[in-house]
Amino acid sequence: MDDSSKTKNTQQNDDDLKPRATQNPKQSTPEWRSVAMVAPESVDFVARPTSLAGPMIKNADVIDKESYFSESIKAEKPAASGAQSNWAPTNLRPVPAFYPLERSTRLVEDPLNAIVSRVSEANRVLSIHAVYCDETATASLLTAENVEMQLSLWKNGGGSEPDGIYVELQRRKGDSIAFHRYSRHILDAAVGDFDSKNHIATFGEDIDIVYSKKVQRMLSLDLPSEETSEMENAVIAIEIAHGLLMKDRMDARLLGLESLCLLTDPNKTGSNTALIASRVVLLGSSQDPDAEEVDDILYDEAPFQEIRQTILSLIQLRRIGEADDFDDGATSEEDEHMKLLHNLALAVLANALDVIENEDQFDETPEEAKPAARSRLNSASSVCENFMEEAEEVTGQKDILKTLISELGKAGDKPHNACLSAKCIGSLCRASDKARRRAKELGAKTVVQTALEVGTRTHLKLEKECQKVMTTLTNPSPDEN
């Protein structure tokens with residue numbers, strides 16, 4: 001292509017371009033105009049303004065949904081319960097990033113004070129020792145079965161879920177089955193589905209009463225067994241528990257005491273087995289001290305004596321034998337272990353005293369076959385008095401009643417131990433007038449009254465046991481009449 005054709009094409013492209021204005025346009029000036037915004041008379045409503053600058057004009061014919069629901073929410077707020085809450089958190093933390101919530105968590109769309117009041121009351125009814133922290137909105141929980149749990153309240157960060165409060169419960173230690181049993185009631189209480197009055201009417205102060213009744217029905221079945229074989233099985237089980245207690249391993253000792261707790265509880269084992277195990281714990285012998293006939297089978301009483309000495313040492317001296325001192329030179333793990341053994345020893349003693357006190361309920365001998373000169377009340381009284389006298393000899397002249405009353409005085413810090421101590425004191429005082437007089441001399445009434453106030457606020461089982469002890473100490477004995 002030559003130069004002339006290139007020049008011609010360039011001129012054509014330039015001609016296709018938009019021509020320039022030959023004259024500059026005039027600058028526009030603002031013009032002020034007044035416009036009257038009047039709705040036509042035929043329209044009965046005011047349309048929603050498109051501008052956010054103007055105010056919203058509400059028509060009386062349009063239902064105000066916002067005010068309707070706000071009034072409804074105010075009306076449905078639960079009234080404050082009569083029980084005073086022991087927990088008063090003010091600020092809630094949001095759920096941390098990369099923090100997976102436990103499966104035992106509920107999202108509750110209720111006010112904070114209502115949730116806290118329900119959970120606190122549920123802990124009291126379930127007899128859970130709770131240590132609350134208002135700053136972090138958490139609580140450390142400990143059940144009578146030594147199940148440790150952590151309760152946390154979290155603020156919902158929004159998103160796709162509705163606004164509310166997460167109630168999370170974690171198991172730290174203890175039986176997982178017992179944890180789920182307690183967590184179900186606590187989470188139901190947070191939502192508002194836990195009725196404390198109905199729970200007390202159904203279960204009483206014992207959450208395991210339903211399961212204990214099922215075990216009792218199974219144990220009461222007519223099985224083809226002889227009394228001699230039941231006696232032998234009970235003695236074998238007690239000897240196994242003795243072998244575990246005498247070991248130097250912490251887990252073996254713990255298992256031995258848990259076995260004794262089961263053997264002395266008539267709701268979880270046979271009545272005859274519980275009666276034999278209770279005599280071993282209190283007297284160091286499997287024989288009935290008031291029986292006129294001695295069993296043909298004689299057992300070695302040395303292991304039974306060692307069981308009684310171990311229980312008394314854990315309760316009064318907080319150690320097993322001469323070693324394992326509770327206070328001096330113990331690590332945190334050993335200290336925690338000895339506290340657990342002390343609690344289990346109190347539970348074994350409370351079960352044994354309760355069985356001896358109510359021995360007539362477990363005696364299946366017909367009335368006409370019982371000796372006429374034998375009285376169950378005298379039997380329980382003699383067993384309890386012998387136990388108190390021999391306890392002083394075993395532990396170096398330390399009064400068992402004084403130890404139990406001292407333990408009851410620590411109800412604020414250790415309500416579970418205080419509850420077991422109150423149960424022991426009540427059984428001793430109801431069975432023996434001597435124990436009742438001694439308890440009054442030691443000022444048990446004042447200590448029981450203080451523990452009763454603690455139980456009324458935080459611990460239902462402690463409250464019930466203290467009421468029984470107070471009734472026993474207040475009512476005059478037959479000798480006083």
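The values are calculated or read from the model by the stated rules, or taken from the named source; none is laboratory data. Note that the structure is a prediction, hence the values are computed from the model and not measured. No Cβ is skipped: glycine too gets one built from the backbone with ideal geometry, and neighbour counts run over all protein chains shown. What goes into the accessible areas is simple: the full protein's heavy atoms, side chains included, and nothing from ligands, DNA or RNA. Shrake-Rupley method; radii C 1.70, N 1.55, O 1.52, S 1.80 Å.
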Next item on the list: State yes or no: is Thr472 open to solvent by 10 Å² or more (accessible area, probe 1.4 Å) and over 23 Å from His129 (Cβ atoms)?
Entry: yes
Margin query: Suppose we filter Ser120, Ser104 for residues that are among the small types (Gly, Ala, Ser), touching a residue at least 24 places away in the same chain (Cβ under 8 Å) and touching a helix residue (DSSP H, G or I) at 6+ places or on another chain (Cβ under 6 Å); which single one remains?
Written below: Ser104
Margin query: Checking the condition over 30 Å from the mean Cα position of the chain (by Cα), modelled with pLDDT under 95 and either assigned to a loop (DSSP other than H, G, I, E, B) or not acidic (Asp, Glu) (or both), which residue from Arg430, Arg438 passes?
Written below: Arg438
Margin query: For the stretch 239-266, which positions are open to solvent by 50 Å² or more (accessible area, probe 1.4 Å) and under 24 Å from the mean Cα position of the chain (by Cα)?
Written below: Asp251, Leu255, Glu258, Leu262
Notebook entry, point to check: Just wondering, is there one or more residues in the stretch 113-121 that are surrounded by fewer than 21 Cβ atoms within 10 Å (Cβ to Cβ) and in contact with a Gly (Cβ under 9 Å, 6 or more places away or on another chain)?
Noted result: yes
Item checked: Residue tally, condition in contact with a Pro (Cβ under 6 Å, 6 or more places away or on another chain) and of a type outside the set (A, V, I, L, M), over the stretch 423-476 -> 1
Notebook entry, point to check: So, of the residues in the stretch 402-427 that are in a helix (DSSP H, G or I) and small (Gly, Ala, Ser), which turns out to be farthest from Lys464 (Cα to Cα)?
Noted result: Ser406
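Conditions (1) modelled with pLDDT under 90; (2) among the polar types (S, T, N, Q); (3) closer than 24 Å to Val147 by Cβ, marked per residue:
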position: Ser286; (1), (2), (3): yes, yes, no
position: Glu293; (1), (2), (3): yes, no, no
position: Ala302; (1), (2), (3): yes, no, no
position: Ser313; (1), (2), (3): no, yes, no
position: Asp324; (1), (2), (3): yes, no, no
position: Ser332; (1), (2), (3): yes, yes, yes
position: Asn343; (1), (2), (3): no, yes, yes
position: Leu346; (1), (2), (3): no, no, yes
Check: If you check Val167 against the conditions, is it open to solvent by less than 30 Å² (accessible area, probe 1.4 Å) and either more than 21 Å from Ala88 (Cα to Cα) or without any contact (Cβ under 8 Å) to a residue 24 or more places away in the chain (or both)?
Finding: no
Next item on the list: Please list, ordered by first then second residue, the pairs with beta carbon atoms under 7 Å, 6 or more apart or interchain, first in the stretch 175-190 and in contact (Cβ under 8 Å) with a residue 12 or more places away in the chain, second assigned to a loop (DSSP other than H, G, I, E, B) and among the hydroxyl-bearing types (Ser, Thr, Tyr).
Entry: Ala178/Thr143; Tyr182/Thr143; Ser183/Ser104; Leu187/Ser104
Next item on the list: Please specify each residue of the stretch 243-259 satisfying the condition of being under 15 Å from Glu306 (Cβ atoms) and of a type in the set (A, V, I, L, M, F, W, C).
Entry: Leu244, Leu245, Met246, Ala252, Leu257
Check: In the stretch 191-203, how many are free of Cβ contacts under 8 Å to residues at least 40 places away in the same chain and within 19 Å of Ala144 (Cβ to Cβ)?
Finding: 2
Next item on the list: Name every residue in the stretch 386-401 that is assigned to a helix (DSSP H, G or I) and in contact with a Leu (Cβ under 6 Å, 6 or more places away or on another chain), in order of residue number.
Entry: Phe387, Ala391, Val394
